[in-house]
Amino acid sequence: MGGAVGLKGTDGCVKEAIERGAVRESPAKAIRFLSGITRKDLHFFTAGGEMGEEELLSAGFSHTCLCYPESFHSDRDFITTADDTIRACREFIRKGCDLIIFCGGDGTARDVYSCTGADTLILGIPTGVKIYSGVFATTPETAARLLSSWDGISSTDGEVIDVDEEEYRKGNLDTRIFGFAKIPSSIIHCQSSKQVSFGDDKRATEEIALFITEIMRDDTLYLLGAGTTTGAIAARLGISHTILGVDAIFQGEIVGNDLNEEQILSLLDNYDKVKIILSPIGAQGFILGRGNQQISQKVLKKTGTDALIVVATESKLKNTNTLYIDTGSPKMNKVFGSTIQVICGYRMAIRAKLNQ
């Protein structure tokens, strides 16, 4: 819930996120997941309130509530903690569940894995800001299709990646493998874990930067997303760049640094023409929906989906079989179609397969 308000996560700052106007992402995406399940032979164990009970009641699934968050009875607008997640997982394991499904990001994956190890299968529905682990389905709908087609036995390994959130907020990506979890295996795949480096493609990155800076117009505001490829564009212009955030550029100058959703929307009121330059996140292949939640549905409604410019080197694309877009709205996702143009060099572009 910290992504849209520019916090890059909520570890240790949930109250600040709420004060900034953040809303919980997990309940709506949990409903999207449950709505897509087609099999009828499931019984869920769950935790109380918005930790699963309310969503399961809404979707009409058979379930048993095993525990409640500590603050549930004292505060209707309760804030859940890592301790609540861990306590719930321990109850699920004690009941002998086959699979633990959770909504969240890498921090939640780490908390769940600290209970399960490699003994109990887990599956993540992506709702967090930082999602580098390989235990997540690509979208809530994909998670539903995976569970619906799963034989109840088959499994594979997925990395649980630990990200230092304090360093992440400072613009430093400090990751390590926390462990290898078991995840359900079917014809529907989970995402690849984050690959931090794809080798030396510096020249291709510089060619992309040269081309983009040549086509930039003085009457257009440019929103520059996270990443080293977009960082090369900023470097070509001779300006600083928030490598893990969103900056705004007009006539070659920074007019907004490390922006959140509200700040972007405010900027858009002052500019008639806007382009959004994004690069897919590593091997995950996400253009929208990972690490740049500031580029939200509200932002895209104001700019139009045709404002998007995607940049990536051929080396990165070779390591990313499919690109993904998850705006949070399946209807908006479909507007992008089944392929998308990606600028991969100087005056060079390809059409890459796109999934929603």
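The values are calculated or read from the model by the stated rules, or taken from the named source; none is laboratory data. Computed from a prediction, not measured in an experiment: that's the story for all the values here. Positions of Cβ are generated from backbone atoms using ideal geometry, with glycine treated the same way; all protein chains shown enter the neighbour counts. Ligands, DNA and RNA are excluded from the accessible area calculation, which covers all protein heavy atoms including side chains. Shrake-Rupley method; radii C 1.70, N 1.55, O 1.52, S 1.80 Å.
Here are a few things to note about the model shown:
- Hits in region 324-344 - residues which are on the phi > 0 side of the Ramachandran plot and at pLDDT 90 or above: GLY337
- Scan of region 324-343 for residues that are touching a helix residue (DSSP H, G or I) at 6+ places or on another chain (Cβ under 8 Å) and either open to solvent by 40 Å² or more (accessible area, probe 1.4 Å) or closer than 12 Å to LEU354 by Cα (or both), ordered by number: TYR324, ILE325, ASP326, PRO330, VAL335, PHE336, VAL342
- Meets criteria (surrounded by 17 or more Cβ atoms within 10 Å (Cβ to Cβ) and at pLDDT 90 or above) for GLU55: yes
- Considering ILE281, ILE264, ILE212, ILE233, the condition of being modelled with pLDDT of 95 or more and under 17 Å from LYS316 (Cα atoms) is satisfied by ILE233 alone.
- Sub-7 Å Cβ pairs linking a first residue in region 124-143 that is over 15 Å from PRO27 (Cα atoms) to a second residue that is surrounded by fewer than 24 Cβ atoms within 10 Å (Cβ to Cβ) and of a type in the set (Lys, Arg), at least 6 apart or interchain, are TYR132/LYS194, ordered by first then second residue.
- Candidate set: region 278-303, residues that are under 26 Å from LYS353 (Cβ atoms) and more than 17 Å from the chain's Cα centre (by Cα); chosen: the one most open to solvent (accessible area, probe 1.4 Å): LYS301
- Exactly one residue out of GLY21, GLY3, GLY9, GLY49 is modelled with pLDDT under 95 and open to solvent by 40 Å² or more (accessible area, probe 1.4 Å), and it is GLY21.
- Among the residues of region 208-248, those that are buried (at least 22 other Cβ atoms within 10 Å of the Cβ), assigned to a loop (DSSP other than H, G, I, E, B) and not hydrophobic (A, V, I, L, M, F, W, C) comprise GLY225, GLY227, HIS241.
- Filtered by the rule that a residue be more than 16 Å from PHE44 (Cα to Cα), crowded, with 23+ Cβ neighbours inside 10 Å and not aliphatic (A, V, I, L, M), region 109-138 gives TYR113, PRO126, THR127, GLY128, LYS130, TYR132, SER133, GLY134, PHE136, THR138.
- Of all residues in region 45-56, those that are under 17 Å from ARG90 (Cβ atoms) and of a type in the set (Phe, Trp, Tyr) have Cβ atoms under 9 Å from Cβ atoms of residues that are in a loop (DSSP other than H, G, I, E, B) and open to solvent by 10 Å² or more (accessible area, probe 1.4 Å), 6 or more apart or on another chain, in PHE45/LYS95; PHE45/CYS97.
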